[in-house]
Amino acid sequence: MTDPEFCESQFQAATNLAYANEIRQLTGDLPFMFVPSLPAEFLLGWDTAFHFDWIPNRLSTRLAYHHKGCNFFLQYKLSSLSDTPNRSKEWAIWEKPYFRFQIPHRKKVGNKYHNDFHQWMRLKEIASVGVPTYYATNTMIEEHKLITLFKNGTLLDRVALLDIAPIKRKHIHVSFANPFTKFVLHSEPEEIHLLSFKNAIASFKDVSHYTYEEGVEQLTTIAEKLLDKEHLDNNAPGIREQLNQFRRLFLTYTGQRSGFPQFKRAILESFLVRRFGLLPHWYPDANSREI
């Protein structure tokens, strides 16, 4: 088998940056990426974790604290390319060149090596409660290809994600081939659908889609209803009047409307948090943004 020309840390760094940039383009916010030390990784199970506001955090309080409040987890694996039929154990399944990575670590105990599934068990613990948890692996082995994909902004199209939640049993190897649509897990074969990062984002939950301005309008209506329940003085300005006041100030300083939906969102979020202790969650959709 032919190993990649880049190391796992290089692949992880490039993909983390691409993930963060994708979320920034979808939401306008640049997410912080948590990357543990090697000793901490052994205890946690993951290489990189993010906290995304629109994903429910289903971890218990103890586990949420243990995993730094994150709700999206990645464990990176480097895949090697097999293109020699007579030396490939999984060739009969694909009958063409394929990629393969190993799930457990090889651990020496005495004079023998054993498969250590400790990392796998930590990841399965997270995935089993419905938190997005994936193995992320390469679909290229050339360093220049990795660099080109990264610079062109298309790296995420060539990073394959294996959802850990539906895996039923322990496996040693995972293989996949072009076109990249499925993984086969070995030794006892088990097939799992192959995801891209964009597929994973889209599969988090089924939501209705609105433009940015429509979302702000819905949030405004919610704020109005909450204010009505407080039975405030009728002479006090309503939330829409307050927004109009801020809008006039905004136009005074900027002279243009550009960016006002985001400005209104920030005002409304601050208002809901201060007045009611509520924090809205925004689900990103690149096709329904209005800037």
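Looking only at residues of the range 136-151 that are among the β-branched types (Val, Ile, Thr) and within 20 Å of residue 195 (Cα to Cα), we find that the one that is surrounded by the most Cβ atoms within 10 Å (Cβ to Cβ) is 137. Looking only at the range 118-155, filter to residues that are part of a loop (DSSP other than H, G, I, E, B) and at pLDDT below 95; which one of those is nearest to residue 182 (Cα to Cα)? Once the filter is applied, the top-ranked residue is 132.
Kindly evaluate residue 76 against the criterion of being within 18 Å of residue 162 (Cα to Cα), at pLDDT below 95 and surrounded by 15 or more Cβ atoms within 10 Å (Cβ to Cβ). Full working, then the answer.
Values: within 18 Å of residue 162 (Cα to Cα): yes; at pLDDT below 95: no; surrounded by 15 or more Cβ atoms within 10 Å (Cβ to Cβ): yes.
It is false that residue 76 is within 18 Å of residue 162 (Cα to Cα), at pLDDT below 95 and surrounded by 15 or more Cβ atoms within 10 Å (Cβ to Cβ).
Figure legend. Inter-residue proximity from the range 133-148: first residues over 19 Å from residue 123 (Cα atoms), second residues of a type in the set (Gly, Ala, Ser) and in a strand (DSSP E or B), beta-carbon distance below 6 Å, spacing 6+ or different chains. Indicated pairs: 139/160.
Residues that are at positive phi and at pLDDT below 85 do not occur anywhere in the range 45-66.
Exactly one residue out of 154, 133 is buried (at least 19 other Cβ atoms within 10 Å of the Cβ), within 23 Å of residue 12 (Cα to Cα) and within 17 Å of the chain's Cα centre (by Cα), and it is 133.
Output the residues belonging to the range 39-80 that are of a type in the set (S, T, N, Q), closer than 14 Å to residue 135 by Cα and out of contact with any Gly (no Cβ under 9 Å at 6 or more places or on another chain).
The first filter runs over the range 39-80 and keeps only residues of a type in the set (S, T, N, Q), leaving 48, 57, 60-61, 71, 75, 79-80.
Then drop every residue that is not closer than 14 Å to residue 135 by Cα, which leaves 48, 75, 79.
Result: 48, 79.
Residues in the range 79-117 that are small (Gly, Ala, Ser), closer than 29 Å to residue 142 by Cβ and modelled with pLDDT under 85: 1 in all. Taking the range 41-62 as the range and being hydrophobic (A, V, I, L, M, F, W, C) and touching a strand residue (DSSP E or B) at 6+ places or on another chain (Cβ under 7 Å) as the test, the residues that pass are 46, 49, 50, 52, 55.
Looking only at the range 102-142, count every residue that is among the β-branched types (Val, Ile, Thr) and touching a His at 6+ places or on another chain (Cβ under 8 Å) and tell me the total. Within the range 102-142, residues that are among the β-branched types (Val, Ile, Thr) and touching a His at 6+ places or on another chain (Cβ under 8 Å) number 2.
Mind checking whether some residue in the range 172-188 is among the small types (Gly, Ala, Ser), in contact with a strand residue (DSSP E or B) (Cβ under 7 Å, 6 or more places away or on another chain) and in contact (Cβ under 8 Å) with a residue 24 or more places away in the chain? So far as the range 172-188 goes, yes, one or more of its residues are among the small types (Gly, Ala, Ser), in contact with a strand residue (DSSP E or B) (Cβ under 7 Å, 6 or more places away or on another chain) and in contact (Cβ under 8 Å) with a residue 24 or more places away in the chain.
Here are 73, 52, 42: which of them is closer than 19 Å to residue 194 by Cα and either in contact with a helix residue (DSSP H, G or I) (Cβ under 8 Å, 6 or more places away or on another chain) or not aliphatic (A, V, I, L, M) (or both)?
Working: 52 fails: closer than 19 Å to residue 194 by Cα; 42 fails: closer than 19 Å to residue 194 by Cα.
Result of the check over 73, 52, 42: 73.
Looking only at residues of the range 231-246 that are charged (D, E, K, R) and at pLDDT 70 or above, we find that the one that is nearest to residue 216 (Cα to Cα) is 240.
The values are calculated or read from the model by the stated rules, or taken from the named source; none is laboratory data. The structure presented is a predicted model; accordingly, all values stated were derived computationally and were not measured. We place every Cβ from the backbone using ideal geometry, glycine too, and count neighbours over all the protein chains shown.
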